[in-house]
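Enquirer: Below is the structure I would like to discuss, written out as structure tokens.
The values are calculated or read from the model by the stated rules, or taken from the named source; none is laboratory data. Small disclaimer: the values here were computed from a predicted structure and weren't measured. So basically every Cβ, Gly included, is an ideal-geometry build from the backbone, and we count neighbours across all protein chains shown.
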Amino acid sequence: MDESTVELIKSSLGPLTEGMIKGTLPLTAISFVLGLALALVVALMRLSPFWPVSAIARAFVSVIRGTPLLVQLFIIFYGLPSLGATIDPYPSACIAFTLNVGGYAAEIIRAAILSVPRGQWEAASTVGMDYPTTMRRIVLPQASRVAVPPLSNTLISLVKDTSLASTILVSETMRKAAELAAPTFEFFTLYMVAAVYYWVVCLVLSFAQTRLETRLDRYVAS
């Protein structure tokens with residue numbers, strides 16, 4: 001590695017860090033939190049005994065899981081303006097990633113809820129709990145333990161998926177790398193540096209996931 005490449009890497013660390021802190025991480029956090037809230041609603045709709053409600057939820061999950069995330073992103077940012085709805089790049093990315101997380105996480109949450117033994121529901125009913133109280137105090141706390149590993153994987157995947165936001169001009173890590181590489185054509189070097197940034201964040205999240213799973217296991221064991 002020659003001296004000019006080393007200097008290029010050093011000079012890129014600041015902008016790439018800024019792109020990660022101000023772009024990638026907030027986009028990930030906002031989309032994941034909103035996506036989980038949406039996923040919980042969709043999961044409960046899927047479990048509804050009323051078939052129209054369940055059918056709407058199934059259709060939503062089918063569309064989200066059956067179409068590429070990049071296409072969803074392009075429809076919201078490039079497609080909606082033709083219908084008179086223009087959304088800025090960052091909100092467009094948040095909406096697309098939120099919907100995507102909601103579609104995938106809904107099935108994770110639904111499966112976790114179904115994993116709770118039926119006897120828990122019956123016991124709650126016996127002591128006079130209604131459906132919302134049973135869900136909030138009995139079912140969801142137990143289901144959350146089952147859902148943590150796959151939801152953590154969804155979060156890690158989302159961190160990497162946010163790089164697609166660069167295609168709609170969102171100033172995140174990947175976009176910063178492309179802008180820095182354009183004058184020098186050092187795309188390989190700067191994309192490799194960007195890859196390291198994503199890798200480090202995913203390593204941290206993987207470590208946090210392991211610690212969280214360990215704590216949940218200890219809680220159950222006690």
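Enquirer: Look through the range 152-180, keep the residues that are aliphatic (A, V, I, L, M) and in contact with a Cys (Cβ under 8 Å, 6 or more places away or on another chain), and return whichever of them is farthest from I9 (Cα to Cα).
Expert: I156
Enquirer: Within the range 141-149, can one find any residue that is in a helix (DSSP H, G or I), surrounded by fewer than 17 Cβ atoms within 10 Å (Cβ to Cβ) and polar (S, T, N, Q)?
Expert: So far as the range 141-149 goes, yes, one or more of its residues are in a helix (DSSP H, G or I), surrounded by fewer than 17 Cβ atoms within 10 Å (Cβ to Cβ) and polar (S, T, N, Q).
Enquirer: Got at least one residue in the range 185-208 being in contact with a helix residue (DSSP H, G or I) (Cβ under 8 Å, 6 or more places away or on another chain), surrounded by 14 or more Cβ atoms within 10 Å (Cβ to Cβ), among the β-branched types (V, I, T) and closer than 17 Å to S152 by Cβ?
Expert: Yes, some residue in the range 185-208 is in contact with a helix residue (DSSP H, G or I) (Cβ under 8 Å, 6 or more places away or on another chain), surrounded by 14 or more Cβ atoms within 10 Å (Cβ to Cβ), among the β-branched types (V, I, T) and closer than 17 Å to S152 by Cβ.
Enquirer: Can you confirm whether the range 14-21 contains a residue that is modelled with pLDDT under 95 and over 25 Å from the mean Cα position of the chain (by Cα)?
Expert: Yes, the conditions are met somewhere in the range 14-21.
Enquirer: Would you mind stating whether G128 is surrounded by fewer than 17 Cβ atoms within 10 Å (Cβ to Cβ), without any contact (Cβ under 8 Å) to a residue 24 or more places away in the chain and at positive phi?
Expert: Considered against the rule, which asks whether it is surrounded by fewer than 17 Cβ atoms within 10 Å (Cβ to Cβ), without any contact (Cβ under 8 Å) to a residue 24 or more places away in the chain and at positive phi, G128 comes out as yes.
Enquirer: Out of the range 165-178, which residues are touching a residue at least 24 places away in the same chain (Cβ under 8 Å) and surrounded by fewer than 21 Cβ atoms within 10 Å (Cβ to Cβ)?
Expert: The answer is T167, I168, L169, S171.
Enquirer: Could I ask something else about it? Against the definition (under 16 Å from the mean Cα position of the chain (by Cα), at pLDDT 95 or above and hydrophobic (A, V, I, L, M, F, W, C)), how does V63 come out, yes or no?
Expert: No, not satisfied.
Enquirer: Looking at (1) modelled with pLDDT of 95 or more; (2) within 27 Å of V170 (Cα to Cα); (3) surrounded by 11 or more Cβ atoms within 10 Å (Cβ to Cβ), which one does A57 not meet, given that it meets all the others?
Expert: Failing condition for A57: (2).
Enquirer: Can I ask one more? Name every residue in the range 172-197 that is under 18 Å from the mean Cα position of the chain (by Cα) and either hydroxyl-bearing (S, T, Y) or part of a helix (DSSP H, G or I) (or both), in order of residue number.
Expert: Selection gives T173, M174, Y197.
Enquirer: Give the residues of the range 81-123 that are surrounded by fewer than 21 Cβ atoms within 10 Å (Cβ to Cβ), over 30 Å from Q142 (Cβ atoms) and among the aliphatic types (A, V, I, L, M), sorted by residue number.
Expert: Scanning the range 81-123 gives L83, A85, I87, I95.
Enquirer: Against the definition (of a type in the set (V, I, T) and either closer than 27 Å to A93 by Cβ or outside any helix (DSSP H, G or I) (or both)), how does T167 come out, yes or no?
Expert: Spelling it out, T167 is indeed of a type in the set (V, I, T) and either closer than 27 Å to A93 by Cβ or outside any helix (DSSP H, G or I) (or both).
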